[in-house]
1. Output yes when any residue across the range 219-228 is free of Cβ contacts under 8 Å to residues at least 40 places away in the same chain, of a type in the set (D, E, K, R) and within 15 Å of the ligand (Cβ to nearest atom), and no when none is.
2. Taking the range 165-201, which residues are assigned to a strand (DSSP E or B), hydrophobic (A, V, I, L, M, F, W, C) and over 23 Å from PRO122 (Cα atoms)?
3. Looking at the structure I just gave you, is GLY12 within 30 Å of THR310 (Cβ to Cβ), of a type outside the set (Asp, Glu) and modelled with pLDDT under 95?
4. What are the residues in the range 81-90 that are more than 9 Å from the ligand (Cβ to nearest atom) and free of Cβ contacts under 8 Å to residues at least 60 places away in the same chain, if any?
5. Got a sec? Which of ARG131, ARG152 is buried (at least 18 other Cβ atoms within 10 Å of the Cβ) and out of contact with any strand residue (DSSP E or B) (no Cβ under 9 Å at 6 or more places or on another chain)?
6. Only residues in the range 147-171 that are more than 20 Å from ALA231 (Cβ to Cβ) count as the first member; pair them with residues that are assigned to a helix (DSSP H, G or I), Cβ under 6 angstrom, at least 6 apart or cross-chain, and list the lot.
7. Which condition breaks for LEU93 when tested against (1) surrounded by fewer than 21 Cβ atoms within 10 Å (Cβ to Cβ); (2) more than 10 Å from the ligand (Cβ to nearest atom); (3) within 23 Å of the chain's Cα centre (by Cα); (4) closer than 28 Å to ILE315 by Cα?
8. Pick from the range 1-42 the residues that are within 13 Å of the ligand (Cβ to nearest atom) and of a type in the set (D, E, K, R): which of them is nearest to the chain's Cα centre (by Cα)?
Amino acid sequence: MARSKIALIGAGNIGGTLAHLAAAKELGDVVLFDVVEGVPQGKALDLAQCGPVEGFDSALKGTNDYADIAGANVIIVTAGVARKPGMSRDDLLGINLKVMKAVGEGIKANAPDAFVICITNPLDAMVWALREFSGLPHNKVVGMAGVLDSARFRHFLADEFKVSVKDVTAFVLGGHGDTMVPVVEYSTVAGIPIPDLIKMGWSTKERIDAIVARTRSGGGEIVGLLKTGSAFYAPATSGIEMAEAYLKDKKRVLPCAVNLSGEYGVSDLYVGVPCVIGAGGVEKIVEIELTAEAKANFQVSVDAVKELLTACKAIDPTLA
Ligand code: APR
């Protein structure tokens with residue numbers, strides 16, 4: 001059977017890490033695309049030279065030509081710029097919207113059957129715009145945010161409870177970052193919900209609230225430390241988890257930014273909810289009864305995404 005093909009649009013920090021993980025896990029052959037000449041070719045060659053040491057046979061190719069993504073099974077998009085000091089939200093939106101237009105058209109023309117995972121920020125707006133520009137079915141275009149947000153939450157919770165991260169599950173909803181909604185009632189240690197763990201004296205509500213706040217600003221904390229860039233290891237491994245779920249038809253239940261059509265009372269909007277990812281792309285959206293508090297927080301998140309979409313439509317009237 002032919003190997004799968006994974007195309008990575010954007011060969012920056014996340015793109016390079018995605019390429020390494022995809023090759024090391026032998027998920028398939030990897031094509032790294034970027035608009036900057038030399039960078040994807042250089043990274044692909046450097047990574048290919050890991051093969052003999054790490055023992056992988058995945059082929060890696062760097063390119064500046066969209067024709068090379070033809071036939072890709074999975075496409076992961078990290079193309080764009082990060083917000084720099086002095087840049088307004090609308091400046092960033094304007095720049096990355098143009099990038100999503102070019103990427104969406106490149107995908108539509110060359111790999112319309114791919115499963116597309118968007119990582120570019122502001123995530124919930126960019127994944128929506130990428131879907132609009134590419135014209136792919138909604139179940140084949142998803143955004144990576146919840147896996148990363150819940151990984152951050154799980155890491156902090158495992159640290160708080162002094163247990164293995166493996167035994168900590170987290171349930172998050174909503175937009176990426178500031179407005180994400182961790183649902184503590186559904187977040188557990190080996191099946192024991194956090195409120196029960198608080199009753200058992202493992203932590204306090206105040207400490208859990210502080211962890212939730214730290215998780216929400218998890219990206220910003222890393223930018224503050226790195227100063228010249230943003231997080232890339234955990235975003236990349238989170239994207240790979242979603243790609244693997246699709247390629248191996250694993251039916252993973254993962255929080256992803258997906259298009260809602262009535263679920264949670266929301267329509268025509270991408271926002272983070274748990275869903276089943278398998279060979280059919282987004283196979284099912286998991287809709288649970290929310291507590292009044294989670295419902296209110298989710299609405300704040302949805303309103304923030306709506307505002308971003310309004311700004312996108314004002315910048316590019318073809319989206320209206
Ligand atoms: N087409 C393809 N690649 C592009 C385009 C474009 N139109 N415009 C920019 N790029 C490339 C840049 O040349 C760069 O190599 O996108 C890459 C972005 O890489 P980095 O700046 O290193 O950013 P990274 O840390 O990888 O993050 C990428 O993901 O989490 C988000 O906020 C983050 O939006 C950012 C994205």
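The values are calculated or read from the model by the stated rules, or taken from the named source; none is laboratory data. Just so it is clear, the model here is predicted, and its values are computed rather than measured. When we count neighbours, we look across all protein chains shown, and the Cβ atoms used for this are built from the backbone with ideal geometry, even at glycine.
1. Looking through the range 219-228, at least one residue is free of Cβ contacts under 8 Å to residues at least 40 places away in the same chain, of a type in the set (D, E, K, R) and within 15 Å of the ligand (Cβ to nearest atom).
2. Within the range 165-201, the subset assigned to a strand (DSSP E or B) is 168-169, 172-174, 181-182, 188-189, 192-193.
This time we only want the ones that are hydrophobic (A, V, I, L, M, F, W, C), so: 168, 172-173, 181, 189, 192.
VAL168, VAL189, ILE192 - these are the residues of the range 165-201 that are assigned to a strand (DSSP E or B), hydrophobic (A, V, I, L, M, F, W, C) and over 23 Å from PRO122 (Cα atoms).
3. Values: within 30 Å of THR310 (Cβ to Cβ): yes; of a type outside the set (Asp, Glu): yes; modelled with pLDDT under 95: no.
No: the conditions fail for GLY12.
4. So in the range 81-90, the residues more than 9 Å from the ligand (Cβ to nearest atom) come out as 84-90.
Those that are more than 9 Å from the ligand (Cβ to nearest atom) and free of Cβ contacts under 8 Å to residues at least 60 places away in the same chain: LYS84, PRO85, GLY86, MET87, SER88.
5. Working: ARG131 fails: out of contact with any strand residue (DSSP E or B) (no Cβ under 9 Å at 6 or more places or on another chain).
Of the residues listed, the single one that is buried (at least 18 other Cβ atoms within 10 Å of the Cβ) and out of contact with any strand residue (DSSP E or B) (no Cβ under 9 Å at 6 or more places or on another chain) is ARG152.
6. Filtered contacts from the range 147-171: PHE171/TYR186.
7. Result: LEU93 fails condition (1) only.
8. In this case the residue turns out to be ASP34.
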